[in-house]
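Encoded as structure tokens, the structure appears first; notes follow it.
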Amino acid sequence: MTPLDTVSATDAGLAGTRLADSGLADAGLTHEHHADSHLTDAAIAREEAHAAHNYLPLPIVVESGDGAWVTAVDGRRYLDCLAAYSAVNFGHSNPVLLDAAREQLGRITLTSRAFHNDRLGPFVEALAALAGKDMVLPMNTGAEAVESGIKVARAWGYRVKGVADGMANIVVADGNFHGRTISIVSFSDDASARDGFGPFTPGFRSVPYGDAAALEAAIDENTVAVLLEPIQGEAGIIVPPASYLPAVRDICTAHSVLMIADEIQSGLGRTGTTFACDRVGVVPDLYLLGKALGGGIVPVSAVVGNADILGVLRPGEHGSTFGGNPLAAAVGSAVVAMLATGEYQRLADDRGALLAARLQALLGHGVVAVRTAGLWAGIDIDPALASGRAVCERLMQRGVLAKDTHGSTIRLAPPLVVSAEDLDWAVDQLAAVLEELGAK
Ligand SMILES: *Cc1c(COP(=O)(O)O)cnc(C)c1O
């Protein structure tokens, strides 16, 4: 599963014209009719007829991609300013990553962990070194990394901290997004993620994000972990006060509680550092990684920590058929090698400074707030002007792909390889859309 695709009831776009409902692809409401728009319409109708409707995508059908750009079936090109929620940090069809994948495809792709494979060792060694830790638990999707982190924290609590069996609790933050499994949505406060999916998994308590005192007050002798996004992505790129994560680190140490940083979206270069925690000099006990770890090619996730914690898992207690497979490990190794140079972190920092400066200039011109961290931006559109969805639809007409979140916020997270010129152009399109909508 992939992240939130929330649609507010007031959204005027496709929400009222589900293709399946109309029986006919009526995309003309949301994007200009093009000579080849029937290709788009037919492709969407086919998908809508048989794919579960758990997403409400923009009416564009992508068929290829290169760097920060994608090409749709109607031949139009779009600048991808979502990058698959940061899973495509290194760009579409990245030649280094494709070579690593192709080379491994010709050897072997899956062995299961019933046997060793020759790619897993180099991968976990390099990833542990990148994170400054000594052990890696390889999984596939982000949600699996989160679930695995929760299991590790509970087992650590019982076996090392000495919590009474069945009593462990984990403190999380309001507004969190950690994935879509039952246990994970059990501690979400987003009604659309939870409603209709109970009963829920007990053992979690949620406190306001950014408030270290509230977090400390929620900790008791049965608390085994604090699980946080160092920057909340799906919530709209919410950057906590600079003192928050250092305070959480101190509180966790003082109470013998594991600090688990969900860096699935914020990590691996996006914020201008390898991990978002690096921005404030914080080292969590466990990193949860995913998304960009698979280079946009295969799902690869991991829990990364030291052996005194990850070592609590014994043979047979946890696993995954595909976890640590040779193809994933080969691509993951290539991703880690790219990050080890620091080049992509510098790109995020450099392009991010440009993006932040351009977006700040839109404040008061249809934009009510801007939050950035590296090449990652949450932009609150004046709700009187338009919904985030409506802005994204108009951006799409102008060749820019972006994603709304929570009503009137849009988020930008282009591949880190986007050129300064293209990024500048994308902000020009946003400014033009806001002007079209009547912003001053
Ligand atoms: C995307 C995301 C997840 C879930 O990852 P999936 O691969 O979609 O399961 C978990 N945590 C955060 C912070 C995310 O952004």
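The values are calculated or read from the model by the stated rules, or taken from the named source; none is laboratory data. Since the model is a prediction, treat every value here as computed from it, not as a measurement. Don't worry about glycine lacking a Cβ; one is built from the backbone with ideal geometry, like all the others, and counts go over all protein chains shown. Heads up: the accessible areas ignore ligands, DNA and RNA and are worked out on the full protein's heavy atoms, side chains in. Shrake-Rupley method; radii C 1.70, N 1.55, O 1.52, S 1.80 Å.
Identify all residues within the stretch 351-363 that are touching a residue at least 40 places away in the same chain (Cβ under 8 Å) and either on the phi > 0 side of the Ramachandran plot or open to solvent by 10 Å² or more (accessible area, probe 1.4 Å) (or both); write none if there are none.
Listed by number, the residues that qualify are ARG351, LEU354, ARG358, LEU362.
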Problem set entry | Breaking point among (1) outside any strand (DSSP E or B); (2) on the phi < 0 side of the Ramachandran plot, for TYR287 | (1)
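Taking the stretch 126-172, which residues are of a type in the set (D, E, K, R) and away from the ligand (no atom under 12 Å from the Cβ)? Talk me through it step by step, then tell me what you get.
As a first pass, look at the stretch 126-172 and keep what is of a type in the set (D, E, K, R): 133-134, 144, 147, 151, 154, 159, 161, 165.
Selection gives LYS133, ASP134, LYS151, ARG154, ARG159, LYS161, ASP165.
Being closer than 16 Å to LEU82 by Cα, touching a residue at least 24 places away in the same chain (Cβ under 8 Å), assigned to a strand (DSSP E or B) and in contact with an Asp or Glu (Cβ under 7 Å, 6 or more places away or on another chain): is that true of ILE410 here? Give the steps one after another, and end with the answer.
On the way: closer than 16 Å to LEU82 by Cα: yes; touching a residue at least 24 places away in the same chain (Cβ under 8 Å): yes; assigned to a strand (DSSP E or B): yes; in contact with an Asp or Glu (Cβ under 7 Å, 6 or more places away or on another chain): yes.
Spelling it out, ILE410 is indeed closer than 16 Å to LEU82 by Cα, touching a residue at least 24 places away in the same chain (Cβ under 8 Å), assigned to a strand (DSSP E or B) and in contact with an Asp or Glu (Cβ under 7 Å, 6 or more places away or on another chain).
Yes/no per residue for (1) open to solvent by 50 Å² or more (accessible area, probe 1.4 Å); (2) touching a Lys or Arg at 6+ places or on another chain (Cβ under 8 Å); (3) among the polar types (S, T, N, Q):
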{"residue": "ARG314", "(1), (2), (3)": "yes, no, no"}
{"residue": "PRO326", "(1), (2), (3)": "no, yes, no"}
{"residue": "HIS365", "(1), (2), (3)": "yes, yes, no"}
{"residue": "GLY374", "(1), (2), (3)": "no, yes, no"}
{"residue": "VAL391", "(1), (2), (3)": "no, no, no"}
{"residue": "LEU395", "(1), (2), (3)": "no, no, no"}
For this session: Just need a number here: residues in the stretch 194-250 that are surrounded by fewer than 22 Cβ atoms within 10 Å (Cβ to Cβ), under 17 Å from GLU263 (Cβ atoms) and more than 15 Å from the ligand (Cβ to nearest atom).
Result: 3
